[in-house]
């Protein structure tokens, strides 16, 4: 993917760019708001990562400007401001996702992947399919290898999220925010317990296992390689 | 100037109050001058009218003498009256048709032109003690036989009365202006002193003395109201500054230990480890420790966010929050062989921050599961009480001794001295902060056995 990184902290930006390049992305970096807006409007990117507090022009103004220009490139807002209200402001300005500093690189990388893929995917799907796992979003049924799997509503939503992001890394925080819709910090490995329950139903009696644990990051739904 | 001592004169002259006093004084002076002018004018009109009345009365008397005793008698009376008026307040002159003086105390007919109605005004030199000039107003009559009579009266007394009145009015005016200036000066100095007192207090606060407060005079006037509002504002600011200071102190104090551990782990690895696998192992452990540190840091930030106000509140269904928390933690409880029970009254509403409320509830459930032995039960209840709405989390664990219940609400407090159970010791502190933010009261009670933590929200108004 082609990623624009607008971040004034040179060291953090260099570290981020290095990590993203190693993951196979192309990264352009702007160290201030003015350069950032110029790049954002003159080049085409798959995802933009914008820091909220920037010299020159602040992050939210950049997002508002590019959105006003009809540019729908997914934007991940980075901020040291973590209040719910700040998050709402960030998303209202046209951001697609919001991350509070400090963050783990794995989290950032997973979210960028998710944003980049989302841009391409069709919105009105009624069926999801990964390998031999099938989900009918209208009938709310799940089958694997033709066998019906009975899921609780939350398990259904968890699996749906994993299937929509099949092949990508999905972090625990992303699951909490998107499946449970709470921004909070569980002190225990809650998500792991839910995933292991889901595994019982989806993977236990089938081969190959589809729900993979990505060490240090989260989970990924794909056939084990 | 520095507003320190008493107000200095130049700044006092520039003060709003003094300028206001001066403009009032100017308006007052103009109207007073107009009023005094009117008084003075009407007084002099009255005095002149009185003088003319006297002259006419005199003339009436003389005309009676003329009618009764003819010209000779008139001359006699005029001569007599002229002689008896030693101070020459009244002047008389009787002349023949040819213009010859017959009687009177004037030596000749005045040269001045006649005014309307036969009135004439002229000056004479007075003889007697101290000669001086005086103005006279007189009326002349032509008798039927051609003789002419002039009767007049000196304006000397009238002038003295007039000037006495004018002097009195002038002094009065001068006194008024003086009192106005002095009064304006004193009033503005008094007000300025109060303003400067406030300014001094503000400067002391600017200088770092956060405990300084304005003093009220006790009259409850607008200055007192201002001082009161200012003091309330300062109380609030002091509380906020204090809470920021507490957070900063805690962060500095409590993050130092894990940071130090992190540092020495890296230090030791760099010194002794050479095996790449062992180094990798150390790096992974270090990363896990850094993540813990971040989690602690985020918990502290969440606490301070919860302490910073009620921004972003929305109506929440406590039963929904409780159900979500139970649903989220149920697999974890099951893994530990703990039963989870939800007993929530639906349809209630509280105003709050969804995410912080959920975090608080999750912390309570998390704690309950952590401290409850296998086979126990964790119950989450939402109920309407007499006072409002209560959300409670009860477990069948060891509970907390009554004496320690207050202490566990503080930051980084862990009753488990060995720190064998995972956690950062911020869980209940966060719940306490969220409770304060939502004006809810947090109570730790006995579940017999176990701990029962309840959040009581006041009934919505």
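The values are calculated or read from the model by the stated rules, or taken from the named source; none is laboratory data. A quick note: this is a predicted structure, and the numbers were derived from the prediction, not measured. Glycine also receives a Cβ, built like all others from the backbone with ideal geometry; neighbour counts cover every protein chain displayed.
Annotations
- Screening the range B:362-377 for residues that are surrounded by 22 or more Cβ atoms within 10 Å (Cβ to Cβ) and touching a strand residue (DSSP E or B) at 6+ places or on another chain (Cβ under 7 Å) and picking the one that is nearest to the other protein chains (Cβ to nearest Cβ) gives B:369.
- Summed over the range B:89-132, the residues that are at positive phi, assigned to a loop (DSSP other than H, G, I, E, B) and at pLDDT 70 or above give a count of 1.
- The residues on offer are B:294, B:321, and the sole one that is within 11 Å of chain A (Cβ to nearest Cβ), surrounded by fewer than 17 Cβ atoms within 10 Å (Cβ to Cβ), in a helix (DSSP H, G or I) and over 44 Å from the mean Cα position of the chain (by Cα) is B:294.
- Within the range B:13-47, being touching a helix residue (DSSP H, G or I) at 6+ places or on another chain (Cβ under 7 Å) and within 30 Å of residue B:141 (Cα to Cα) holds for B:43, B:44, B:47.
- The residues of the range B:297-318 that are away from chain A (no Cβ under 13 Å) and in a strand (DSSP E or B) amount to a single one, B:315.
- Residues of the range A:140-188 classified as at negative phi, free of Cβ contacts under 8 Å to residues at least 60 places away in the same chain and within 12 Å of another protein chain (Cβ to nearest Cβ), total: 18
- Residue in the range B:17-26 that is modelled with pLDDT of 85 or more, over 30 Å from residue B:162 (Cβ atoms) and either within 60 Å of the chain's Cα centre (by Cα) or outside any helix (DSSP H, G or I) (or both) present: yes
- Within the range B:200-227, tally of residues that are surrounded by 14 or more Cβ atoms within 10 Å (Cβ to Cβ), assigned to a helix (DSSP H, G or I) and within 13 Å of the chain's Cα centre (by Cα): 4
- Of the set (1) over 23 Å from residue B:333 (Cβ atoms); (2) surrounded by 14 or more Cβ atoms within 10 Å (Cβ to Cβ), all apply to residue A:205 but (2).
- Selection over the range B:334-353 of residues that are touching a helix residue (DSSP H, G or I) at 6+ places or on another chain (Cβ under 8 Å), facing another protein chain (nearest Cβ under 9 Å) and surrounded by fewer than 20 Cβ atoms within 10 Å (Cβ to Cβ) gives a count of 1.
- Odd one out for residue A:198, checked against (1) buried (at least 19 other Cβ atoms within 10 Å of the Cβ); (2) under 20 Å from the mean Cα position of the chain (by Cα): (2)
- Among the candidates A:24, A:33, A:69, the residue that is more than 23 Å from the chain's Cα centre (by Cα) and surrounded by fewer than 16 Cβ atoms within 10 Å (Cβ to Cβ) is uniquely A:69.
- Among the residues making up the range B:282-337, a single one is at positive phi and touching a residue at least 60 places away in the same chain (Cβ under 8 Å): B:309.
- Long-range neighbours under 8 Å by Cβ, at least six apart or interchain, first residue at positive phi within the range B:136-151, second at pLDDT 80 or above: B:146/B:96; B:146/B:97
- Residue ID - farthest from residue A:89 (Cα to Cα), chosen from residues in the range A:42-57 that are surrounded by fewer than 21 Cβ atoms within 10 Å (Cβ to Cβ) and in contact with a helix residue (DSSP H, G or I) (Cβ under 6 Å, 6 or more places away or on another chain): A:46
- Each residue in the range B:427-445 was checked for being over 39 Å from the mean Cα position of the chain (by Cα) and either farther than 15 Å from residue B:381 by Cα or assigned to a helix (DSSP H, G or I) (or both), and 5 pass.
- Of the numbered criteria (1) within 14 Å of chain A (Cβ to nearest Cβ); (2) touching a strand residue (DSSP E or B) at 6+ places or on another chain (Cβ under 6 Å); (3) within 25 Å of residue A:198 (Cβ to Cβ), the one residue B:329 fails is (2).
- Flag for residue B:251 being surrounded by 11 or more Cβ atoms within 10 Å (Cβ to Cβ), more than 30 Å from residue B:17 (Cβ to Cβ), within 14 Å of chain A (Cβ to nearest Cβ) and at pLDDT below 85: yes
- The residues on offer are B:286, B:282, and the sole one that is surrounded by 15 or more Cβ atoms within 10 Å (Cβ to Cβ) and over 60 Å from the mean Cα position of the chain (by Cα) is B:282.
- Of the residues A:39, A:20, A:54, A:76, the single one that is under 22 Å from residue B:287 (Cα atoms) and either at pLDDT below 90 or touching a strand residue (DSSP E or B) at 6+ places or on another chain (Cβ under 9 Å) (or both) is A:20.
- For residue A:16, the conditions (1) farther than 19 Å from residue A:73 by Cα; (2) more than 20 Å from the chain's Cα centre (by Cα); (3) not in a loop (DSSP other than H, G, I, E, B) are fulfilled apart from (2).
- Residue in the range A:127-136 that is away from every other protein chain (no Cβ under 11 Å), within 25 Å of residue B:321 (Cβ to Cβ) and surrounded by fewer than 17 Cβ atoms within 10 Å (Cβ to Cβ) present: no
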